[in-house]
1. So in the stretch 285-303, with the set limited to residues that are more than 15 Å from the chain's Cα centre (by Cα) and crowded, with 18+ Cβ neighbours inside 10 Å, which one is nearest to Ser40 (Cα to Cα)?
2. Hey, any hits in the stretch 219-239 for a residue that's under 24 Å from Ser125 (Cα atoms), among the charged types (D, E, K, R), assigned to a strand (DSSP E or B) and not assigned by TED's automatic domain parsing to the domain that holds Thr291?
3. So, of the residues in the stretch 212-225 that are touching a residue at least 40 places away in the same chain (Cβ under 8 Å) and over 16 Å from the mean Cα position of the chain (by Cα), which turns out to be farthest from Gly109 (Cα to Cα)?
4. Looking only at the stretch 133-143, count how many residues are in contact with a strand residue (DSSP E or B) (Cβ under 7 Å, 6 or more places away or on another chain), of a type outside the set (A, V, I, L, M) and assigned to a loop (DSSP other than H, G, I, E, B).
5. Here are the criteria: (1) small (Gly, Ala, Ser); (2) over 25 Å from Thr71 (Cβ atoms); (3) assigned to a strand (DSSP E or B). Tell me which single one Ala157 does not satisfy.
6. Report whether or not Pro195 is in contact with a Ser or Thr (Cβ under 9 Å, 6 or more places away or on another chain) and either outside any strand (DSSP E or B) or at pLDDT below 95 (or both).
7. In the stretch 240-253, which residues are part of a loop (DSSP other than H, G, I, E, B) and touching a strand residue (DSSP E or B) at 6+ places or on another chain (Cβ under 9 Å)?
Amino acid sequence: MRAMVALGALGVGAGLPEAAEAVQRTEGERVYVANQAGASVSVVDAASGEVLRTVDLTELGFDANSRPHHTAVDPDGRHWYVSLIGGGHVLRFTAANDPAGRAAFETPGLLAVDPASDLLYVGRSMMAVNPPQRIGAIDRRSMSLEEIDVFFPRPHALVVDARRNRVVAASLVENRMALLDAASDDIDLVGVEGPTHTFVQFALSPDARYLVATAQLTGKLLVFDAQDARLIHELDVGTQPWHPVFSPDGRRVYFGAKDDDAVVVVDAETWTVAKRITAPGIAEPHGSAVTADGRHLFVSNRNLKGTYVPRRQAAENSSVGTLVKIDTNSLEVVQTIEVGPYPAGISIGPAG
């Protein structure tokens, strides 16, 4: 059952002032990094690693506690989105980084674009103690929003299975998943045995055969048959595994083990840990994204403990987060890009 939520309008063309060093390009891919403690989003050129623009959300009337958490990009790259935990909205921007709409939603967290429709799904933030037991479905054209009951507390992990016209969400505090039929709104609730895992985030394999989930409390990667959400394998991977992503060929899963300061590479054919990557720039890794050709992996790093020492002058190490670029052939960090404080969720897409 869906509950209608009012739409808040944001005028198209109410552009942000360009930073002096901002660069506009039309080719290649962009990485969108939500700087949760900085009320900003860093827009990074995937090829060069250059920060093309830092979108300052206070210029749109949000305060320093707006807490941008996650980003998403349209398949054609013409628009991108960011969720604001403290700001209570999901914002839409053009590829030129101009604001193009907003939808009000209480404590929004993870975002998931449905490539087969005009919908953008949104879950609730981990920071929300007792949010509504609903996820949001946003029409990306109008930014109108409906809320969908999932019947469990604190829905967080979220993924779209476009082949099955399905959305999968999971609870932070119960081992339960909701399989939502996007056409009918019918929901199947699936329980997962074992101790409380605290599902952080999902990733779906490119062939839609496997659904994986990272488990914060048990330190596992859980592997499900995507057809019926049946648990078929579990693997110990480290302390607080965070946002996973499959390689485009489906042979690997990448994610950060947040409290281990490591990026974990899992072989998705044998379901074993192939490598753990460490480097100075990997400091409390959070979000993950892979280029379309699979050649590079990007991982955001909170650096809240200040273990990474920034190159640029900063009052505190923790005021600078990083985005590391990893060569997926050598599995080594080839670039460390400094962004805003507490970089959290990231996404990658064409420049539009």
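1. Only one residue fits best here, namely Asn303.
2. Scanning the stretch 219-239, I find at least one residue that is under 24 Å from Ser125 (Cα atoms), among the charged types (D, E, K, R), assigned to a strand (DSSP E or B) and not assigned by TED's automatic domain parsing to the domain that holds Thr291, so the answer is yes.
3. Val223
4. Of the residues in the stretch 133-143, 2 are in contact with a strand residue (DSSP E or B) (Cβ under 7 Å, 6 or more places away or on another chain), of a type outside the set (A, V, I, L, M) and assigned to a loop (DSSP other than H, G, I, E, B).
5. Here Ala157 meets the rest and fails (2).
6. yes
7. Result: Gln240, Trp242, His243, Pro244, Ser247, Pro248, Gly250, Arg251.
Okay, residues lined up against (1) hydrophobic (A, V, I, L, M, F, W, C); (2) surrounded by fewer than 22 Cβ atoms within 10 Å (Cβ to Cβ):
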position: Gln133; (1), (2): no, yes
position: Arg163; (1), (2): no, yes
position: Ala170; (1), (2): yes, no
position: Met177; (1), (2): yes, no
position: Ala182; (1), (2): yes, yes
position: Asp188; (1), (2): no, yes
position: Gly191; (1), (2): no, yes
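The values are calculated or read from the model by the stated rules, or taken from the named source; none is laboratory data. Keep in mind it's a predicted model, so treat the numbers as computed, not measured. Using ideal geometry, Cβ is built from the backbone for each residue, glycine included, and neighbour counts are taken over all protein chains shown.
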